[in-house]
Amino acid sequence: MNTIFKEIEQERLKQDAKWGIQNHSPVEWVSILTEEVGEVSKEALEAHFRGAKTCTVELKNYREELIQVAAVAVAMIECLDRNNCSDMVYTEDSNGKSMYCTEMCKE
């Protein structure tokens, strides 16, 4: 399992090198994560229709996408922790909109 965590860490470093430190709202993060999960789904579907079975070379892209999903989930947690939002409480602003972590933590 340590190898998997090292791969996730390496992917996080690649993401930070490409995009810099990211501080998104939860809804933005979920959109990013959902896009990555969509890529996992695409790879699984393509592998299935190519006749791939568990542990074959054809599942390589599927596995790579799963590492990216895990890395994005870690980035989401890092954002919460970086912005001191581990104990956050959702409230509404004067317009009835939910206040996001990054907005709440700046106050």
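Coordinate-derived values only; no laboratory data. Here the structure is a predicted model, which means the values were calculated and not measured. All Cβ positions, glycine included, derive from the backbone under ideal geometry; neighbour counts span all protein chains shown.
Scan segment 6-65 for trypsin sites (Lys or Arg not before Pro) in coil per DSSP, keeping those whose Cβ has at most 11 other Cβ atoms within 10 Å, and list them by number.
Taking segment 6-65 and a limit of 11 other Cβ atoms within 10 Å, the loop trypsin sites (Lys or Arg not before Pro) found are R50, K53.
Starting from 0.36 nm per residue, how many nanometres of slack lie between K18 and S31 once their C-alpha separation is accounted for?
Roughly 2.8 nm would be gained on extension.
Mind computing the radius of gyration and Dmax over the alpha-carbon atoms of segment 1-45? Å is fine for both.
Final numbers for Rg and Dmax: 12.5, 32 Å.
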